1. Of everything in the stretch 117-132, what is over 18 Å from residue 87 (Cα atoms), part of a loop (DSSP other than H, G, I, E, B) and not charged (D, E, K, R)? Give them in sequence order.
2. When you scan the stretch 155-164, do you find a residue that is over 16 Å from residue 58 (Cα atoms), part of a strand (DSSP E or B) and in contact with a helix residue (DSSP H, G or I) (Cβ under 9 Å, 6 or more places away or on another chain), even just one?
3. Please find, within the stretch 2-22, the residue that is modelled with the lowest pLDDT out of those that are hydrophobic (A, V, I, L, M, F, W, C) and touching a strand residue (DSSP E or B) at 6+ places or on another chain (Cβ under 8 Å).
4. Please determine, by comparing only the residues of the stretch 98-111 that are touching a residue at least 24 places away in the same chain (Cβ under 8 Å) and not in a strand (DSSP E or B), which one is farthest from residue 123 (Cα to Cα).
5. Surrounded by 14 or more Cβ atoms within 10 Å (Cβ to Cβ), over 24 Å from residue 20 (Cα atoms) and touching a residue at least 12 places away in the same chain (Cβ under 8 Å): which single residue out of 159, 182, 82 fits that description?
6. When residues of the stretch 52-74 are filtered for being assigned to a loop (DSSP other than H, G, I, E, B) and touching a Leu at 6+ places or on another chain (Cβ under 9 Å), how many remain?
7. For residue 89, work out the one condition from (1) surrounded by 23 or more Cβ atoms within 10 Å (Cβ to Cβ); (2) of a type outside the set (Gly, Ala, Ser); (3) assigned to a helix (DSSP H, G or I) it doesn't fulfil.
Amino acid sequence: MNNYFSKKKGKIYIISGKLKRQKISLINTPNIKPTTNRIRETLFNWLERHIKNARCLDCFSGSGALGIEAISRHAAFVTSLEINKKTAYKLTKNVKKLNISNMNVIHTDTFHWLKKRRKPYDIIFVDPPYKKQLIKKTLNLLEDRKWLKEDSLVYIEKEKKHSLVMPKNWILYKKKNTRKIEFYLYIFKSKNI
């Protein structure tokens, strides 16, 4: 583990931006696997030109590290979806403690929520629990229910051992991996291009 996440202490730290070094407290649950410092740093370097004033959706929020990091780096708004009631409550407490007013934490099932239609997002984070293979279903709902607009960016994090098959109209922008994890940033293009 790196110095931005201590499982023992149950806290992670924001890497950069207006909330740099602020702590996010975690509840003690095996289902939360915060994106590591190294991966978050790489991801937000990729997003540097895109994050300011972006509307972001975090589909499987967990600790909320991705959404809070986005807010710290001047995203306009973040919608955080979390199915676990205790985790959603803890994230809501962290958001209040950090005086974040432009992040909405919703205790919900991501798939149920995505079946509705609302305004598309600029950046979407898809980092579900690894062993459940939820990525394909999530991406299908994002596209079918028009959560994506032309050039929306979609971050995907998964275990290496699971394959990822993307539609041809999704353009790979960036890709990197660690020993066990692969993470990607895709640009969504409508099929009629």
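1. Once the filter is applied, which keeps residues that are over 18 Å from residue 87 (Cα atoms), part of a loop (DSSP other than H, G, I, E, B) and not charged (D, E, K, R), the stretch 117-132 yields only 120.
2. Kept after step one, since they are over 16 Å from residue 58 (Cα atoms), are these residues of the stretch 155-164: 159-164.
Then keep just the ones that are part of a strand (DSSP E or B); that gives 159.
If we keep only those that are in contact with a helix residue (DSSP H, G or I) (Cβ under 9 Å, 6 or more places away or on another chain) as well, we get 159.
Looking through the stretch 155-164, at least one residue is over 16 Å from residue 58 (Cα atoms), part of a strand (DSSP E or B) and in contact with a helix residue (DSSP H, G or I) (Cβ under 9 Å, 6 or more places away or on another chain).
3. Keep residues of the stretch 2-22 that are hydrophobic (A, V, I, L, M, F, W, C), which gives 5, 12, 14-15, 19.
Filter once more, so that each one left must be touching a strand residue (DSSP E or B) at 6+ places or on another chain (Cβ under 8 Å): 5, 12, 14.
Numbers: 5: 39, 12: 88, 14: 95.
Checking each candidate, the answer is 5.
4. Filtering the stretch 98-111 down to residues touching a residue at least 24 places away in the same chain (Cβ under 8 Å) leaves 98, 100, 102-111.
After this cut, where a residue has to be not in a strand (DSSP E or B) as well, the list is 98, 100, 102, 108-111.
Working: 98: 22, 100: 19, 102: 15, 108: 20, 109: 20, 110: 16, 111: 18 Å.
If we take residues in the stretch 98-111 being touching a residue at least 24 places away in the same chain (Cβ under 8 Å) and not in a strand (DSSP E or B), then 98 is farthest from residue 123 (Cα to Cα).
5. Working: 159 fails: surrounded by 14 or more Cβ atoms within 10 Å (Cβ to Cβ); 82 fails: over 24 Å from residue 20 (Cα atoms).
Being surrounded by 14 or more Cβ atoms within 10 Å (Cβ to Cβ), over 24 Å from residue 20 (Cα atoms) and touching a residue at least 12 places away in the same chain (Cβ under 8 Å) holds for just one of 159, 182, 82, which is 182.
6. Filtering the stretch 52-74 down to residues assigned to a loop (DSSP other than H, G, I, E, B) leaves 52-54, 59-64, 73-74.
If we keep only those that are touching a Leu at 6+ places or on another chain (Cβ under 9 Å) as well, we get 54, 59-64, 73.
Number of matching residues: 8.
7. It fails just one condition, (1).
Residue-by-condition table, conditions (1) of a type in the set (Gly, Ala, Ser); (2) without any contact (Cβ under 8 Å) to a residue 60 or more places away in the chain:
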| position | (1), (2) |
| --- | --- |
| 119 | no, no |
| 125 | no, no |
| 129 | no, no |
| 133 | no, yes |
| 136 | no, yes |
| 140 | no, yes |
| 152 | yes, yes |
| 163 | yes, yes |
| 187 | no, yes |
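The values are calculated or read from the model by the stated rules, or taken from the named source; none is laboratory data. Since we're looking at a predicted model, the values are computed, not measured. Every residue, glycine among them, receives a Cβ derived from its backbone with ideal geometry; neighbour counts consider all protein chains shown.
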